[in-house]
1. Suppose every Lys and Arg Cβ carries +1 and every Asp and Glu Cβ carries -1, with no other charges. What dipole size does segment B:1-106 come out with about its Cα centre, to the nearest 20 debye?
2. Quote the FRET efficiency, to the nearest 0.05, computed for B:D44 versus A:V101 with a Förster distance R0 of 35 Å and r equal to the Cβ-Cβ distance.
3. Assuming R0 = 25 Å, can you tell me the calculated FRET efficiency for the pair A:E150 and B:L85, based on Cβ-Cβ distance, to the nearest 0.05?
4. Work out from phi, with θ = phi - 60° and the Karplus expression 6.51 cos²θ - 1.76 cosθ + 1.60, the ³J(HN,Hα) of each residue of segment A:24-40, listed in order in whole Hz, and give x for Gly and Pro.
5. For chain B, state the average projected area of the convex hull of the C-alpha atoms over all orientations, rounded to one decimal in nm².
6. Express in whole angstrom the spacing between the alpha-carbon centres of segment A:26-48 and segment A:200-240.
7. Tell me, what does the Kirkwood hydrodynamic radius of segment B:86-127 come to in angstroms if you use every pair of distinct C-alpha atoms?
8. Tell me the net charge near A:H198. Cut-off is 13 Å between Cβ atoms, A:H198 excluded, with +1 for each Lys or Arg and -1 for each Asp or Glu.
Amino acid sequence: MKDNPFSLWVYLSQSPLLWLTVTLLVYATTDAVSLATRRHPLANPVLHAMWIIGAFLLATGTSYTTYFAGAQFVHFLLGPATVALAVPLYENRRRVVSSIVPMLVALVAGSVTAVVSAALLAEFAGLPRDVVLSLAPKSVTAGVAMGIAESLHADPSLAAVAVILTGIMGAIIVTPLMNRTGVTDFRARGFAAGLAAHGIGTARAFQVDEIAGVFSGIAMSLNALLTSFLVPLVVTLLVR
Amino acid sequence: MLASLSLILLCQLIGEAVVRGLGLPLPGPVLGLLLLLILLLARDRFALLARGPLRNDGVETASKGLLAHLSLLFVPAGVGVVQELDLLASHGIAIILVLALSVVLTLLATALTFRLVSRLLKQQDAR
């Protein structure tokens with residue numbers, strides 16, 4: 001050890017333990033700040049953990065592959081957490097069943113708006129065709145969006161980036177936007193958050209209100225399904 | 001706790017297997033969600049099922065534990081985006097503007113449609 005003061009760092013920086021610890025510590029801090037600001041939209045814990053860890057990796061010259069070896073244990077829990085959404089859904093099933101009609105109509109309106117607005121705005125901005133196709137599925141979870149992008153011969157990595165950016169922006173903007181437009185119904189607010197901003201929107205919704213979280217989870221699941229059918233259709237109709 | 005976590009993983013596993021097997025266009029965990037929901041509903045109907053993790057709020061407690069820090073689970077993927085920001089190099093500002101505008105439109109369209117339809121239904125009920 002004494003011969004090379006860096007050998008400890010070299011050892012630790014290659015081990016999953018360090019990066020898992022960093023992920024948890026940074027998130028614990030950003031989450032504490034978020035709580036201290038009473039869940040202010042701009043204090044979004046994912047956003048701040050993301051750039052702080054990103055800057056740390058850059059500063060230490062650590063590759064994402066090395067980081068992910070540790071962070072994968074957290075990432076893995078996304079699947080089980082999605083399954084776990086069944087429980088709040090089950091506990092609030094009466095509210096959900098009684099809202100089935102507004103949910104389905106809002107699902108179609110929202111899903112079409114998400115795909116069509118992304119495709120048209122991207123075309124209007126003069127973006128190249130493969131970028132337009134990669135942005136179109138941006139409101140669904142990363143896995144589904146990447147699958148859609150791949151099937152259209154677009155860029156799956158760009159699709160994943162668009163998904164995360166959309167999620168963060170949606171989670172930040174949803175509360176002030178709904179307050180300004182006077183939508184006070186937490187079913188509608190949550191449903192919109194999950195539809196537009198998938199899991200990151202759902203995480204935000206659960207921070208604000210349980211009912212919002214439940215409806216957000218439903219919107220996220222249903223939108224994944226509808227968007228898979230919608231994107232290829234919209235692309236054929238609207239994209240040159 | 002262990003049995004509850006196993007049940008959640010089992011639901012996801014079956015979900016993934018069915019989605020892959022049939023080539024369904026939805027994430028495996030979403031099918032797993034549906035499966036767990038059906039199990040919970042079936043338990044209320046058939047006392048036979050109310051055992052192990054489906055008893056005494058077992059799977060309920062484990063699920064709430066998982067969901068308590070849902071935001072945390074997006075951090076590793078989010079860090080990946082920071083690493084791939086060079087993908088945005090050539091059209092960065094245009095892409096961010098498109099996404100921001102589209103997410104606002106989507107939020108508005110969804111929430112306002114939801115509110116409109118639920119108000120219309122309420123009026124109909126009142127009549």
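What follows draws every value from the coordinates through simple rules; no lab data is involved. Quick caveat: nothing in here was measured; it's all calculated off a predicted structure. Cβ atoms come from the backbone with ideal geometry, glycine included; neighbour counts cover every protein chain shown.
1. Here segment B:1-106 has a charge dipole of around 460 debye.
2. E between B:D44 and A:V101, to the nearest 0.05, is 0.90.
3. 0.70
4. 5, 5, 5, 5, 4, 5, 5, 5, 5, 5, 4, 5, 5, 8, 6, 6, 4
5. 13.1
6. What the calculation gives is 24 Å, centre to centre.
7. 12.7
8. Here the count lands on +2.
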